[in-house]
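Asker: Structure below; questions to follow.
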Amino acid sequence: MTQTEVASGTLTLDELRTAGLRMFATPFNKQDGYGDGPMDPNNPTEPGRRPTLQNNGTFLRVNGLDAQTCMECHSVGSNATVPFTFAVGGVGGSNNNVLFQPRFVDVADAGGNGFADFDGRYINPPFLFGSGGVELVGVEMTMDLQRAPRAAFSYPDTDIPLVTHGVSFGVLRYDSASQGFDYSGVEGVDEDLVVRPFGRKGEFTTVRAFDIDAMKFHFGMQPMETAGAGVDNDSDGVVDEILVGELSALHIFNTNLERPEVRDWNADAQAGFDLFQGIGCANCHVPSITTRERTLRYRFPEVASAPQLNQFYSTDLTQSTAGFDAAPGGGIEVPLFSDLKRHDMGAGLAESFGSPLDGQFITARLWGVADTAPYLHDGRATTLTEAILAHGGEALDARNNFAGLGQAQRVQILTFLKRLRTPENPASDVIQ
């Protein structure tokens, strides 16, 4: 599918979603461009020049080349059922964890650390449900924050609050003495003031941006928009492996998956929700964010700091299968239970990748949490109680407040969390 076809307006949303589902679920093979070219011993961890495991010529697993479809890692709708409930776009179990760019894995503990050392990132796959609403919140937050540098420049030596949709990202100041911006007061977002809602570290502005990297990492499939038209960027003998229009269809499919929902609400759940807010959990796990608009606009090429540019398609998230509720004022309610902001979670959860963000993670979205064990960024917590008690850093006070509750009150909070469910039968209308 070409970008011209997608942008033409002649295809229905369901036709585009069907094309996106094919991209999501059809196994890529070497004729499509699956895999990398010859190994580069000087840069063996970057997509395009990786080795394969035991020289099998296809898969690596320890650093990508670990699946043939998105479905393989995003297929669990609920782990609260036995057996688990299948769903297109769901989470992955611990067996689907991604081992991202390790240089060494010390299983035998030759280093004498008392554990298996690992210097990559270990990532449990999240679900994609409701991602259209999350993307829209991120776009609107970014547009608000982008006004701050001009305001700071106009009022030098003054703290300009970085507040959008009820979330504070700190303050920005223009220092007249140094004639430069002071970013020391900025919190939970990069200095470019672009909110990136996707990825455990908050690395990707949109689902499309995430998909570009995922295609290269997991499959060795080089999107034409980054490799260049007619360019064999990974030297595997195949060009134009993912067309621009194909990636657009995938983006449209993913962002119109149904949103998570609340089911079986009762008095105990309400009491648990009140406690959840009272002990400080909702300071970061913001229950709901209201957007100004209900239309998600797709762009190509994407400009992270200027999401109003290059629009080619749009969907009303209250009318599409995403199914968001309209809010007074023309927007939608996005009950994601997150502030889309990075926080320091303490040494206990910190990774050993060697990044300044090792101990920082974007606030996990709790909608659907009843169905999505295991928990935390790497799936180390097999229960919600384990996940809560593992919180540290900026979340330590809330964690200690939970730990100090009586058993009955803890159960009320868990009762509330167990009402946050994934959608039933997502994408069923376009599954062939």
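Residue by residue, here is whether (1) under 30 Å from Gln432 (Cα atoms); (2) surrounded by fewer than 20 Cβ atoms within 10 Å (Cβ to Cβ); (3) in contact with a helix residue (DSSP H, G or I) (Cβ under 7 Å, 6 or more places away or on another chain); (4) touching a residue at least 40 places away in the same chain (Cβ under 8 Å) holds:
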position	(1), (2), (3), (4)
Thr10	yes, yes, no, no
Asp32	yes, yes, no, yes
Thr45	no, yes, no, yes
Arg49	no, yes, no, yes
Gly77	yes, no, yes, yes
Gly90	yes, no, no, yes
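Asker: Identify all residues within segment 248-267 that are part of a helix (DSSP H, G or I) and either out of contact with any helix residue (DSSP H, G or I) (no Cβ under 9 Å at 6 or more places or on another chain) or free of Cβ contacts under 8 Å to residues at least 40 places away in the same chain (or both); write none if there are none.
Answerer: Ala267, the sole residue that qualifies.
Asker: While we're on this one: Which ones in segment 363-418 are out of contact with any strand residue (DSSP E or B) (no Cβ under 7 Å at 6 or more places or on another chain), under 25 Å from Val167 (Cβ atoms) and in a loop (DSSP other than H, G, I, E, B)?
Answerer: Ala364, Arg365, Leu376, His391, Gly392, listed by residue number.
Asker: Just to verify a result, which residue in segment 92-135, among those that are among the aromatic types (Phe, Trp, Tyr) and under 18 Å from Gly379 (Cα atoms), is surrounded by the most Cβ atoms within 10 Å (Cβ to Cβ)?
Answerer: Step by step, filter segment 92-135, then rank; the result is Phe127.
Asker: Does Thr321 satisfy the condition of being outside the structural domain of Val244 (by TED's automatic domain parsing), under 28 Å from Ser75 (Cβ atoms), out of contact with any Gly (no Cβ under 8 Å at 6 or more places or on another chain) and among the β-branched types (Val, Ile, Thr)?
Answerer: Spelling it out, Thr321 is indeed outside the structural domain of Val244 (by TED's automatic domain parsing), under 28 Å from Ser75 (Cβ atoms), out of contact with any Gly (no Cβ under 8 Å at 6 or more places or on another chain) and among the β-branched types (Val, Ile, Thr).
Asker: Can I ask one more? If you take the residues in segment 231-267 that are of a type in the set (A, V, I, L, M), in contact with a strand residue (DSSP E or B) (Cβ under 7 Å, 6 or more places away or on another chain) and buried (at least 18 other Cβ atoms within 10 Å of the Cβ), which one is nearest to Ile413 (Cα to Cα)?
Answerer: Ile252
Asker: Please work out which residue is farthest from Ala327 (Cα to Cα), limiting yourself to segment 273-299 and to residues that are assigned to a loop (DSSP other than H, G, I, E, B) and within 20 Å of the chain's Cα centre (by Cα).
Answerer: Here the answer is Cys284.
Asker: What residue, among those in segment 140-181 that are under 21 Å from the mean Cα position of the chain (by Cα) and either assigned to a strand (DSSP E or B) or of a type in the set (Phe, Trp, Tyr) (or both), is surrounded by the most Cβ atoms within 10 Å (Cβ to Cβ)?
Answerer: Phe169
Asker: If you go through segment 417-431 one residue at a time, how many are within 21 Å of Leu16 (Cα to Cα) and surrounded by fewer than 21 Cβ atoms within 10 Å (Cβ to Cβ)?
Answerer: Looking only at that region, the number is 5.
Asker: Taking the conditions exactly as written (part of a helix (DSSP H, G or I), surrounded by fewer than 16 Cβ atoms within 10 Å (Cβ to Cβ) and in contact (Cβ under 8 Å) with a residue 60 or more places away in the chain), does Gln270 satisfy them or not?
Answerer: Yes.
Asker: Condition test on Arg294, is it among the basic types (Lys, Arg) and over 26 Å from Leu417 (Cα atoms)?
Answerer: Here the answer is yes, as Arg294 does meet what is asked.
Asker: Restricting the search to segment 349-370, which residues are of a type in the set (S, T, N, Q) and farther than 19 Å from Leu420 by Cα?
Answerer: Of everything in segment 349-370, those that are of a type in the set (S, T, N, Q) and farther than 19 Å from Leu420 by Cα turn out to be Ser352, Ser355, Gln360.
Asker: Then there's this: Can you run down the residue pairs with Cβ atoms below 7 Å, 6 or more apart or on separate chains, where the first is in segment 51-68 and of a type in the set (Phe, Trp, Tyr) and the partner is modelled with pLDDT of 95 or more and assigned to a loop (DSSP other than H, G, I, E, B)?
Answerer: Phe59/Thr52; Phe59/Leu65; Phe59/Asp66
Asker: Quick test of your reading of the structure: Glu241 fulfils all but one of (1) touching a Gly at 6+ places or on another chain (Cβ under 9 Å); (2) assigned by TED's automatic domain parsing to the domain that holds Pro328; (3) of a type in the set (D, E, K, R). Name the failing condition by number.
Answerer: Exception for Glu241: condition (2).
Asker: Residues Gly90, Gly114, Gly133, Gly138: which one is on the phi > 0 side of the Ramachandran plot and not assigned by TED's automatic domain parsing to the domain that holds Gln308?
Answerer: Result of the check over Gly90, Gly114, Gly133, Gly138: Gly114.
Asker: Quick test for you: out of Glu333, Glu302, pick the one residue that is assigned to a loop (DSSP other than H, G, I, E, B), touching a residue at least 24 places away in the same chain (Cβ under 8 Å) and acidic (Asp, Glu).
Answerer: Being assigned to a loop (DSSP other than H, G, I, E, B), touching a residue at least 24 places away in the same chain (Cβ under 8 Å) and acidic (Asp, Glu) holds for just one of Glu333, Glu302, which is Glu302.
Asker: So, in segment 311-328, of the ones that are out of contact with any Lys or Arg (no Cβ under 7 Å at 6 or more places or on another chain) and in a loop (DSSP other than H, G, I, E, B), which residue ends up nearest to Phe300 (Cα to Cα)?
Answerer: Ser320
The values are calculated or read from the model by the stated rules, or taken from the named source; none is laboratory data. The model shown is predicted, which means the values in this text are computed figures rather than measured ones. Glycine gets a Cβ as well: all are built from the backbone with ideal geometry, and neighbour counts include every protein chain shown.
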